[in-house]
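**Q** I'd like to ask you about the structure that follows.
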Amino acid sequence: MIELAFSILASDFAHLADEVAAAERGGGTIVHVDVMDGHFVPNITFGPPMVKALRPITKLPLDCHLMIEDPDAYIPVFAKAGANMISVHQETCPNLHRTLQHIAELNVLPGVVINPATPVETLIEVLPMVNFVLVMSVNPGFGGQQFLPLAVGKIGHLARLRREMGLHFRIEVDGGVAHDTVASVVHAGAELLVAGSAVFEPGRTEQNAVELLRLARAALLQA
Ligand code: DX5
Ligand code: ZN
């Protein structure tokens, strides 16, 4: 099932509740929360207090994308703040099995993320234990960057592995997902579509979400 995970990084933080409500009215079903620490990525955003603030304003699942060093140290705090999905970067986890297990034990859906330069093969051993795999289609750190087409091949590769290995993880894609790129990722097998700048726009957020989902579902019918 195609789902829109709208990235609040592109929203107006001064009106966060209204922004989330507009994206939700447009059909968004997951709130994507981009956590950046200024070390793993060259930008700083927000942390557990933001998740805690979001929790009472929406019933939608909160998808915490941890672009931080040493995610193990912070996973319990994000779970306690109300995260429903937590993804960690393969590049930050020397003991990836242990980290994913840790997330699952807290009753949070575990996901693993790969940067554009990280091959899909590095995930083979952990695929049986993840709920979702996030393929970055930009180098993480900022919203509004240009989509990197190499992500399409990686999504297709993961979809093939999923079939061959008899698994059911979902494939998420993040970065530059917009009206002109959404069909290619859906054709390749992505189901959870992260979008920030293509959704949030003053006065047009609801319509933008509706239109992006319409294009994604149309692409699925042609797939
Ligand atoms: C990038 C973040 C993304 C970002 C997407 O590091 O992980 O989730 O907010 O923004 P857009 O959709 O504008 O590329
Ligand atoms: Zn993200």
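The values are calculated or read from the model by the stated rules, or taken from the named source; none is laboratory data. Not measured: the values here are computed from a predicted model. For neighbour counting, all protein chains shown are included, and Cβ atoms are generated from backbone atoms with ideal geometry for every residue, glycine included. Keep in mind that these areas ignore ligands, DNA and RNA; they rest on the heavy atoms of the full protein, side chains included. Shrake-Rupley method; radii C 1.70, N 1.55, O 1.52, S 1.80 Å.
**Q** For the chain, what does the helix formula give at 222 nm: sum of -39500 (n - 2.57) over DSSP H segments with n ≥ 4, over the residue count, nearest 500 deg cm²/dmol? The partial results should precede the final answer.
**A** Numbers: 7 runs with 75 residues, N = 223.
Here the helix-only value at 222 nm equals -10000 deg cm²/dmol.
**Q** Let's see if you can work this out: charge +1 on each Lys and Arg Cβ, -1 on each Asp and Glu Cβ, no other charges. What is the dipole magnitude of the chain about its Cα centre, in debye to the nearest 20? Kindly include the intermediate steps, with their values, before the conclusion.
**A** Numbers: 14 positive and 23 negative charges, 105 e Å.
Roughly 500 debye, rounded to the nearest 20.
**Q** When DSSP beta bridges are limited to those with both residues in the chain, what percentage is antiparallel, rounded to the nearest 5? Mind dumping the intermediate values first?
**A** Working: 1 of 35 bridges.
Percentage antiparallel, nearest 5: 5.
**Q** For Ile57 and Glu105, calculate 0.36 nm times their separation in residues minus their Cα-Cα distance, and state this gained length in nm to one decimal.
**A** Values: separation 48, 0.36 × 48 = 17.28 nm, distance 2.56 nm.
Using 0.36 nm per residue and subtracting the Cα-Cα distance, I get 14.7 nm.
**Q** If you don't mind, another one. Determine, from the Cβ-Cβ distance of Val77 and His179 and an R0 of 41 Å, the FRET efficiency 1/(1 + (r/R0)^6), rounded to the nearest 0.05. Spell out each step's value before the answer.
**A** Values: r = 36 Å, r/R0 = 0.89.
Rounded to the nearest 0.05, the efficiency is 0.65.
**Q** Leaving out same-chain residues fewer than 8 places away, which aspartates and glutamates sit with a Cα under 17 Å from that of Lys52?
**A** By straight Cα distance, Lys52 reaches Asp18, Glu19, Asp34, Asp63.
**Q** In nanometres, what is the gap between the two model label sites at Leu127 and Glu91, each 7 Å from Cα along Cα-to-Cβ?
**A** Taking the simple label geometry, Leu127 and Glu91 are separated by 2.2 nm.
**Q** Multiply the residue separation of Ala117 and Arg204 by 0.36 nm, subtract the distance between their alpha-carbon atoms, and state the gained length in nm to one decimal. Can you show the working numbers first?
**A** Details: separation 87, 0.36 × 87 = 31.32 nm, distance 3.39 nm.
The span from Ala117 to Arg204 would gain 27.9 nm if fully extended.
**Q** If you don't mind, another one. In debye to the nearest 20, how big a dipole does the stretch 63-187 give about its Cα centre with +1 on each Lys and Arg Cβ and -1 on each Asp and Glu Cβ? Before the final figure, lay out the partial values.
**A** Values: 7 positive and 12 negative charges, 68 e Å.
Result for the stretch 63-187 is approximately 320 debye, rounded to the nearest 20.
**Q** Go ahead and collect, in residue order, the members of the stretch 18-39 whose backbone nitrogen is under 17 Å from a label point 7 Å along the Cα-Cβ direction of Arg217.
**A** 23-30
**Q** Here is a follow-up. So how strong a dipole does the stretch 1-118 carry about its Cα centre when Lys and Arg Cβ are +1 and Asp and Glu Cβ are -1, to the nearest 20 debye? Spell out each step's value before the answer.
**A** Numbers: 6 positive and 13 negative charges, 69 e Å.
That gives a dipole near 340 debye.
**Q** Per residue, how many Å² of accessible area does the chain show with a 1.4 Å probe?
**A** 44
**Q** With the full set of protein chains in place, find how many percent of the accessible area of the stretch 3-222 is carbon and sulfur; take the probe as 1.4 Å. Don't skip to the answer; put the middle values down first.
**A** Numbers: 5260 of 9570 Å².
That fraction is 55 percent.
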